[in-house]
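First comes the structure, then the notes that go with it.
The values are calculated or read from the model by the stated rules, or taken from the named source; none is laboratory data. Please read these numbers as outputs of a predicted model, since none were measured by experiment. Note: ideal-geometry Cβ built from the backbone for every residue, glycine included; neighbour counts use all protein chains shown. We work out accessible area using only protein heavy atoms, side chains counted, and drop any ligands, DNA or RNA first. Shrake-Rupley method; radii C 1.70, N 1.55, O 1.52, S 1.80 Å.
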Amino acid sequence: MANKMDEKLQVVYQDVLKRNPGEVEFHQAVREVLESIGPVLSKYPEFREGKIIERIAEPERQIIFRVPWQDDRGEVQINRGFRVQYNSALGPYKGGLRFHPSVYLGIVKFLGFEQIFKNALTGLPIGGGKGGSDFDPKGKSDNEVMRFCQSFMTELWRHIGDVTDVPAGDIGVGGREIGYMFGQFKRLTARYEAGVLTGKGLDYGGSLVRTEATGYGATFFVQEMLKARGADTFEGKTCTVSGSGNVAIYTIEKIVQLGGKVVACSDSNGVIVDEKGIDLELVKQLKERERRRIKDYVEYRKHAKYLHGGNIWEVPCQVAMPSATQNEINGKDAALLVKNGCIAVGEGANMPTTPEGIKVFLDAKIAYGPGKAANAGGVATSALEMQQNATRDSWTFEYTEKRLANIMKTIHQNCWETAEEFGSKGNYVVGANIAGFIRVAKAMASHGLV
Ligand code: GLU
C-alpha cells in the first residue's frame, strides 16, 4: 500500500497466487506486505539473494485434521481443525485459535502470515502461527464446547509445547475454551506445562491484563497516534467500536478511561447506537456472562437504538476502532468515515479494512493504525504470560499494564520512525510492514537456508 510492487516482487506474488489457489484473504495479506517492502530490498540486497521473501510466504508447516465429536443429542459431528506453523525465526510459533464457520485454510494462513510481523513488532521472542476450526460455538452448550475442545486437543497436543508452538484465543476462543483445551493437554501428556497455551484462567497460570490486552493495547496505540498528530488526546472524542466481543469490550473500557465517549458497537446481526455512551457493564453482562446477542441491549436501555443489519461506519465519529473481523470496512465505508470527520482509525481486529479502504485513509492522511501494529498488545501480553509461566511467577495488574503500555509506545515509535526512514512519513502501514519484516528477515538470514 502506498508503494507499488516492484517487478521482482510481482513475480513472487504471482507465484503465491498460483500455489495457493482460492485463498483470497491470504493473497490480500501477502499483497499488502509485498507492496510495502520494496525499499527494504534496495537497502538489504542479501534478503533478495537469500530468497527471504519467497521463504516467508511459504509456511514452515501446515497441519489439517479431523475433529469428531458428539452433540447433546448423541449425534456425531465432524469438523476440520487447522494449525499453520508459519515462521519460527524469532521464537516458538505463537498465535491464536479461531473457531468460526468461516474458517478454512486461507483464513488461517492470512492470520498466520499477519502474526509473523505483528509478533516481530512486539520485540519479544515469538514466531508466528495460527490455527482454528470451522466449528461454530454459537448456540452450543458448555458440554458440547467441552467435547469439541477435547477432541480438537486430542490431535493438536502432539504438535504444540512451550518451546515449539503456543496457541491462544481468537474469535470464538476465550477463557472457557482455553481451559478445556489445557485440561485435555495435561491429561494427554501427563505434564503441567503451563506455557503451552496463553489466555489461561488466573487461577491456573494465566496473566493479569491478558483478557484486556488487545483492546487496551489498541487504544494505547491510537493514543500515541493522536499524540503524534500534535498533542491530541481521547478527551471528549466521539468514538465507534465495531464488534462486542473481547477486543471491543476492552477497547471501549480503555477509551472511556482516557476520556472518550463510545456511541456505537455491534455484532454480526446489527448495530447499537447509544448517544449517551455505550453502557459497558450491560454489554459485559450480555456478551461475557450471558452469551446473548447485542440486540438485547435495547431491552435494558430504552433510549438506545438497534439497527438490524445496520452499518456502524455510518455513525459519525472522530475515532473508529474496527474490532470485529476481516474486511469489515470497505472503500465506501472508509470514505464515509472520512467525510463524517474521522481523524483516527485503530484496528483491533485483524485486517478489518479492505485495500480500497486503506487507500482512502492514507490518501486522506488521517491517522491509520493497521492491525498488525495496533492490536499487537494481545499477543505481546501472551508473551508476558509465557515469561511468568517460565519463572513460575505472577505479576500485578499495574506492573503488567505498564509493560503493555510501554510495548505499545515502542511499537508506535518504531513504526513511525521506520516509515520516515523509508520515505513514507506518517504511513503506519509501510512502517509496520517494514519494521516487522526487517526483524524476521535478519533472523532468517542468520539461520542459513532452513
Ligand atoms: N489472536 C490474537 C491475535 O490476533 C492473540 C494471539 C496470542 O495471544 O497468541 O494476535
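Note on the stretch 393-412: residues that are farther than 22 Å from residue 96 by Cα and free of Cβ contacts under 8 Å to residues at least 60 places away in the same chain total 5. Reported count of residues in the stretch 352-366, each being farther than 16 Å from residue 317 by Cβ and open to solvent by less than 10 Å² (accessible area, probe 1.4 Å), is 1.
To keep it simple, each residue is scored yes or no on (1) under 17 Å from residue 135 (Cα atoms); (2) among the hydrophobic types (A, V, I, L, M, F, W, C).
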site: 24; (1), (2): no, yes
site: 28; (1), (2): no, no
site: 76; (1), (2): yes, yes
site: 96; (1), (2): yes, no
site: 110; (1), (2): no, yes
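When 208, 197, 156 are checked against the criterion of being in contact with a Pro (Cβ under 7 Å, 6 or more places away or on another chain) and either under 21 Å from residue 78 (Cβ atoms) or at pLDDT 95 or above (or both), a single residue qualifies: 197. Scanning the stretch 163-180 for residues that are at positive phi and either within 8 Å of the ligand (Cβ to nearest atom) or aliphatic (A, V, I, L, M) (or both) yields a total of 0.
Quick check: anything in the stretch 323-344 among the polar types (S, T, N, Q), part of a helix (DSSP H, G or I), open to solvent by 50 Å² or more (accessible area, probe 1.4 Å) and more than 25 Å from residue 102 (Cβ to Cβ)?
Step one: list which residues in the stretch 323-344 are among the polar types (S, T, N, Q), which gives 323, 325-327, 330, 340.
Then keep just the ones that are part of a helix (DSSP H, G or I); that gives none.
Within the stretch 323-344, not a single residue is among the polar types (S, T, N, Q), part of a helix (DSSP H, G or I), open to solvent by 50 Å² or more (accessible area, probe 1.4 Å) and more than 25 Å from residue 102 (Cβ to Cβ).
Residue 414 meets each of the listed conditions (1) buried (at least 17 other Cβ atoms within 10 Å of the Cβ); (2) closer than 30 Å to residue 160 by Cα apart from (2). Kindly provide the set of residues from the stretch 51-89 that are farther than 22 Å from residue 156 by Cα and of a type in the set (A, V, I, L, M, F, W, C), ordered by number. 52, 53, 56, 57, listed by residue number. Assess whether residue 222 counts as being buried (at least 24 other Cβ atoms within 10 Å of the Cβ) and farther than 27 Å from residue 265 by Cβ. Answer is no for this residue. If you go through the stretch 99-139 and pick out every residue that is open to solvent by 10 Å² or more (accessible area, probe 1.4 Å), within 12 Å of the ligand (Cβ to nearest atom) and in contact with a Leu (Cβ under 9 Å, 6 or more places away or on another chain), you end up with 1.
Any residue in the stretch 170-191 that is within 18 Å of residue 389 (Cα to Cα) and open to solvent by 30 Å² or more (accessible area, probe 1.4 Å) sitting within a Cβ distance under 9 Å of a residue that is of a type in the set (Asp, Glu) and more than 12 Å from the ligand (Cβ to nearest atom)? List the pairs, counting only those 6 or more apart or interchain. These pairs meet every condition: 186/193. When restricted to residues that are small (Gly, Ala, Ser) and under 19 Å from residue 124 (Cβ atoms), the stretch 404-450 contains 8.
Determine which member of the set 217, 243 is within 16 Å of the ligand (Cβ to nearest atom) and on the phi > 0 side of the Ramachandran plot. Talk me through it step by step, then tell me what you get.
Numbers: 217 fails: on the phi > 0 side of the Ramachandran plot.
Of the residues listed, the single one that is within 16 Å of the ligand (Cβ to nearest atom) and on the phi > 0 side of the Ramachandran plot is 243.
Say whether the condition of being within 13 Å of the ligand (Cβ to nearest atom) and surrounded by fewer than 20 Cβ atoms within 10 Å (Cβ to Cβ) is met by at least one residue in the stretch 199-214. So far as the stretch 199-214 goes, no, none of its residues is within 13 Å of the ligand (Cβ to nearest atom) and surrounded by fewer than 20 Cβ atoms within 10 Å (Cβ to Cβ). Criterion first (among the small types (Gly, Ala, Ser), at positive phi, away from the ligand (no atom under 14 Å from the Cβ) and in contact (Cβ under 8 Å) with a residue 12 or more places away in the chain) does residue 259 satisfy it? For residue 259, the condition - among the small types (Gly, Ala, Ser), at positive phi, away from the ligand (no atom under 14 Å from the Cβ) and in contact (Cβ under 8 Å) with a residue 12 or more places away in the chain - is met.
Take the conditions (1) under 23 Å from residue 32 (Cβ atoms); (2) away from the ligand (no atom under 12 Å from the Cβ); (3) in a helix (DSSP H, G or I); (4) not polar (S, T, N, Q); residue 158 misses just one of them, which is (1).
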